[in-house]
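Visitor: One structure is given below, represented as C-alpha cells, and several questions about it will come after.
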2 protein chains.
Amino acid sequence: MDLEAVRTFLAVLESGRFGQAADELSITQQAVSKRVAALEKELGVRLLTRTAHGAEATIDGQAFLPHARALLHAEARAIASVRPGSRALRVDVIGRRLAPAALLRTFHRSHPEIELDVVTLFDADAAVAALRSGTIDASFRAVTMPGRHLPEDIGALPVLDEPIELLTGPAHALASARAVTPARLAGHRIWVPGIVSGTEWAAYYADLAAEFGLTIEVTGPDFGTEPLLDTVADSPELATFVGAGTRLVWPEAHDLRRIPVHGPTPVYPHSLLWSLDNPHPGLLALREHLAAAGTEPSDAAALSGASGTPTASATSATSGPDIWTPSWARQRTRRPAL
Amino acid sequence: MDLEAVRTFLAVLESGRFGQAADELSITQQAVSKRVAALEKELGVRLLTRTAHGAEATIDGQAFLPHARALLHAEARAIASVRPGSRALRVDVIGRRLAPAALLRTFHRSHPEIELDVVTLFDADAAVAALRSGTIDASFRAVTMPGRHLPEDIGALPVLDEPIELLTGPAHALASARAVTPARLAGHRIWVPGIVSGTEWAAYYADLAAEFGLTIEVTGPDFGTEPLLDTVADSPELATFVGAGTRLVWPEAHDLRRIPVHGPTPVYPHSLLWSLDNPHPGLLALREHLAAAGTEPSDAAALSGASGTPTASATSATSGPDIWTPSWARQRTRRPAL
DNA sequence: CCTGCCCCACAACCCGTGGTTGTGGCCTGC
DNA sequence: GCAGGCCACAACCACGGGTTGTGGGGCAGG
C-alpha cells in the first residue's frame, strides 16, 4: 500500500474536493484522482463517491478512515524514533526478559506521554560509548565492568538486585522443591540460549558456574522464549534460569515451575546508567520512577508475583544478606543526586 | 516512506542476510540493498551494519524495529477493514457524540479482541439497505421511520432512551438552572450544527421545535466539537443540545453547564438494528453486551456521570414516565430473542 | 599466507509506475 | 439553457526501482 495514496485519500476527505487536496499536496488534480483510483483498485472497494460538489466517503471509506489515520501516525512515530534530537527516550536493557524490561513497562504505564524505545547493546562498553555519544539515553547494566570503573560523566543509580530463579518442567528432579541452593544444582544441565559470548551476561553465568560447579550451557542461538519454554517443559533433565522480575506466561499444559534459589541467592545487580550531560526530559522522569519503584514495597511485590506463581524471593533476597554476585559486580558505586 | 522498504528491512533483520531476504521477497539481493539504502537515506540514519556474515541492526535500527512492525500491522488492519468477508464488525451510529458511541467504547473495552469500525450513514433507509446488503453489520437508529416500519428480516433491540440536555456557557440566562422544561426554552437560541437535513436527527429536532415552540438552528457545517464548545462557552444567548450519554470534555476555563431538561424529558430512543441473516460472530457479542448494559445500573450510572458534571437525568428519565419522543418514534417494536 | 568463498555495494541498463498537460462529460445552480 | 465546477480519461514523459554484471572486503581452510 502506498502511503502517499493514503495521505491523498485523507486530504480529499478533509477538504471534500479533489482539486483542493491537489493544491495542498502540490500536485495536479489528475494525480490525486489517479492516486485515489489506484488505492481503490488495490483495496478492491470504492472509498469515495464523486459528486458534482466534490467527494465524500463511502461506507468502506468511513471504515477505512481511522485506519488510514493510524497508518500515517505510525509512520510519523517511526520517523521520529530515529530523528536525532527530540526523539523518543531510548533505553538499553541487557535482556528483554529481565526486571528492567518489566520496570520499563510500568514506567510506560505511568508516563504514557513519554515515547519509549528499548534497545539491547552488545556490552557495557558499547552502552557507555552510546550514552556519551547521545545515541541512547539510559542503560540498565551492572555498575562495574571487569577491571574498570565508570567515567565521571556517567551517572549511576542502583535499581534492583534481581534474584535468579530456576525454571523447570514438571518431570524435572527438582520440580517439587520449594527452593534450592546453588550447590544442589551441580550436575544438572542448565540451558540458557541466546547469550552472546563476551557480554557481561555471559561473564555472569560463567562466574556463577565456576563458583558452584554448575553446568550452564549458553550455546545455541536464541529462537525466542516459546521454543525455550517448550523444551524445558518436556525435558526431565533440562532446566533454565530466569530473572525473578520477569513476567513470563506459558500454556497451562506446560506446568512449569519457578523455583527460588537460596543459600546464597544469586542476584544480578541492575543499575541505571546515563550521561550527566543528557538533557532529555524523559530521563529525569525515568530516574524518579525507578527511585520510587526501588523503595516502594508494592512494586517489589508485583515484581516477585509476576507469572501467577508467587515467590518470596525478590523481597527476601534484597533484604537478606546472603546473596551472591560476581566479583566484578560486587563493589557498589556512588549514588548521585537525581 | 515506502512500506515495501520497511517490509524489506524487517525481512533482512529476521533472516540476518540480504540474500535470504531477497529470496523470501522474490527479488534480487541488489534490489534489497537498494531498498534498505533508500530507507536509510530517507531516515538519515544507518539502520543495519553490514558484516561479512550478513547484517544486524544498529541502535537506530533496533529503535526503529518495533515501529516498523507496528506500521505493517497498521497496514494489515487497514486492508482488513475493507475486505469483504471476515472484516471487522462495522456499526453505524447516528452521531459520534451520543450514547451509542459511548456504548461502543465500553463494548470495545470488554471485547478488545473484536475489531470494530464505526461509520455514520445518511439516514435509516440507507442503514437498513446497508444492513440487508451486508455492508454494515449493525446500526443504532430510532426503531421506526416516518410512515413505515421495519422489514421482517431486520432485528431490533431497544437499547436506551437517551435524554437531551442543554449545554450553556456561564453567562447564559439559564446557566444556573438545576433543570428546565422544554417550554422554558422557547425564545432562546439553540444551535445544533452539522445536522444534515433529511436525516432522522433533523426530523427529531424539527418535531421538538414544533411541539414546544423552540428556536433550533441546525444550519451550518459541523466544524467539530471544539469550535462548537468555544462558541457556546463565550455566548450569553446561544446554547446547544447534547445527549446525556455523551462523554464531553472541555477546557476548565469554559465553565460549561449541562442542564437536564424535564417536564417532559425529550429522549432519543436508540435501538440496535441488524440483519437476521448476518453471521458475523461479533454481532452476537454486541447484542449481549447491549442487553446487559441496558439492565445493569452501573452502566447507566457511568453514562450519566460522563463529563465530571454529574446529572441524574439519564436514570430518572428512563424510569420516569414523563418523556417526550417524536410521534414517528413513539411506538415500540417487537423485541426478538438474542 | 594465500586463496576461495560468501556477502554486500556499485554501475549500467531498461521497463513500468506515476507524474504532467490537454480535454471531455456530467451535474448543478443561476 | 447555459455557464461554471469538478472529476475522469488519454497521451506523453521522466524518474524510480527493478534487473544483470561486476567488484571489494572479511573470514576460514588449506
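Visitor: Going highest first, how would you order B:2-11, B:73-82 by mean Cβ packing within 10 Å?
Guide: Descending packing order for the listed peptides: B:2-11, B:73-82.
Visitor: Quick one: if the Förster radius is 45 Å, what FRET efficiency do B:Glu113 and B:Val196 give, using the C-beta to C-beta distance and rounding to 0.05?
Guide: Given R0 = 45 Å and the Cβ-Cβ separation, E is 0.85.
Visitor: For the peptides A:120-132, B:33-45, B:129-141, what is the packing order when you average, over each peptide's residues, the other Cβ atoms within 10 Å and list the highest mean first? All intermediate terms of the calculation are to be shown ahead of the outcome.
Guide: Numbers: A:120-132: 19.1, B:33-45: 17.1, B:129-141: 21.3.
Answer by packing, highest mean first, reads B:129-141, A:120-132, B:33-45.
Visitor: Another question, then. Which one, A:Pro264, A:Leu166, A:Ala210, is farthest towards the positive end of the dipole of the stretch A:154-275 when Lys and Arg carry +1 and Asp and Glu -1 on their Cβ?
Guide: A:Pro264
Visitor: What's the average, rounded to a whole number, of partner chain beta-carbon atoms within 10 Å of each residue's beta-carbon in A:112-118?
Guide: Mean partner-chain Cβ count within 10 Å for A:112-118: 2.
Visitor: Per residue, how large is the accessible surface of the stretch A:3-80? Use a 1.4 angstrom probe and give square angstrom.
Guide: So the stretch A:3-80 comes to 48 Å² accessible per residue, rounded to a whole number.
Visitor: Let me ask something else about it. Within 10 Å of each Cβ in A:79-87, how many Cβ atoms from other chains are there, averaged over the peptide?
Guide: 4
Visitor: Still on this structure, I have one more. Which residue is it, in chain A, whose C-beta lies closest to the A-to-B rotation axis, and what is that distance in whole Å?
Guide: For chain A, the closest residue to the axis carrying it onto B is A:Ala74, 2.
Visitor: Give the interface area between chains A and B as buried accessible surface, both sides summed, probe 1.4 Å, in Å² to the nearest 100.
Guide: In total, chains A and B hide about 2600 Å² from solvent.
Visitor: Provide the FRET efficiency to the nearest 0.05 for the B:Glu217-B:Asp2 pair, computing r from the beta carbons and using R0 = 45 Å.
Guide: Calculated value: 0.40.
Visitor: On to the next question. Measuring from centroid to centroid over Cα atoms, what is the spacing of the stretch A:49-85 and the stretch B:1-52 in Å?
Guide: What the calculation gives is 25 Å, centre to centre.
Visitor: Where the accessible area of the protein assembly as shown is counted over protein heavy atoms with a 1.4 Å probe, how much of it, in %, is carbon and sulfur?
Guide: Whole-percent figure for carbon plus sulfur exposure: 55.
Visitor: Under the Karplus relation 6.51 cos²θ - 1.76 cosθ + 1.60, θ = phi - 60°, what is the ordered set of whole-Hz ³J(HN,Hα) values for the stretch A:65-80, x standing for Gly and Pro?
Guide: 3, x, 5, 5, 4, 4, 4, 6, 5, 4, 4, 4, 5, 4, 5, 5
Visitor: Ok, one more. Taking amide H atoms as placed 1.01 Å from N in the peptide plane, list the residues 5 or more away in sequence, or in a different chain, whose amide H sits under 5 Å from that of A:His188.
Guide: Here the answer is A:Thr215, since their amide H atoms fall under 5 Å of that of A:His188.
Visitor: Local charge sum around B:Gly282 (other residues, Cβ-Cβ under 11 Å, Lys/Arg +1, Asp/Glu -1)?
Guide: -2
Visitor: If you take every residue apart from A:Ile79 with its C-beta less than 10 Å away from the C-beta of A:Ile79, what net charge results, scoring Lys and Arg +1 and Asp and Glu -1?
Guide: Numbers: positive: A:Arg77, A:Arg83, A:Arg87; negative: A:Glu75, B:Glu42.
Net charge around A:Ile79: +1.
Visitor: Considering amide H positions built from the backbone, and no H for Pro or chain starts, which residues 5 or more places from B:Glu115, or on another chain, come under 5 Å of its amide H?
Guide: For B:Glu115, whose amide H was placed from the backbone, the distant partners under 5 Å are B:Leu89.
Visitor: Dipole of the stretch B:3-82, Cα-centred, from +1 at each Lys and Arg C-beta and -1 at each Asp and Glu C-beta, to the nearest 20 debye?
Guide: Roughly 100 debye for the stretch B:3-82.
Visitor: Still on this model: Label 7 Å along Cα→Cβ of B:Arg189; the stretch B:230-261 residues with amide nitrogen under 16 Å?
Guide: Residues B:230-241 qualify, since their backbone N sits under 16 Å from the label point.
Visitor: In addition: Separation between the B:Leu284 and B:Lys41 pseudo-spin-labels, each 7 Å from Cα along Cα→Cβ, expressed in nm?
Guide: Those two pseudo-labels are separated by 5.5 nm.
Visitor: When the accessible area of each residue in the stretch B:51-69 is compared between its chain alone and the complete protein assembly (1.4 Å probe; ligands, DNA and RNA ignored), which residues differ by at least 20 Å², being lower in the assembly?
Guide: B:Ile59, B:Asp60, B:Gln62, B:Ala63, B:Phe64, B:His67
Visitor: For A:267-280, what's the mean count of beta carbons from other chains sitting within 10 Å of each residue's beta carbon?
Guide: Other-chain Cβ atoms within 10 Å of each residue's Cβ, averaged: 0.
Visitor: Here's something else I'd like to know. I need the calculated FRET efficiency for the pair B:Arg50 and A:Ala175, taking r as the beta carbon distance and R₀ as 60 Å, to the nearest 0.05. Before the final figure, lay out each step's value.
Guide: Working: r = 46 Å, r/R0 = 0.77.
After rounding to 0.05, the efficiency reads 0.85.
The values are calculated or read from the model by the stated rules, or taken from the named source; none is laboratory data. Bear in mind that the values here come from a model prediction, so they are computed numbers and not experimental data. Cβ atoms come from the backbone with ideal geometry, glycine included; neighbour counts cover every protein chain shown. Ligands, DNA and RNA are stripped out before the accessible areas are found, and what is left, the full protein with its side chains, is counted by its heavy atoms. Shrake-Rupley method; radii C 1.70, N 1.55, O 1.52, S 1.80 Å.
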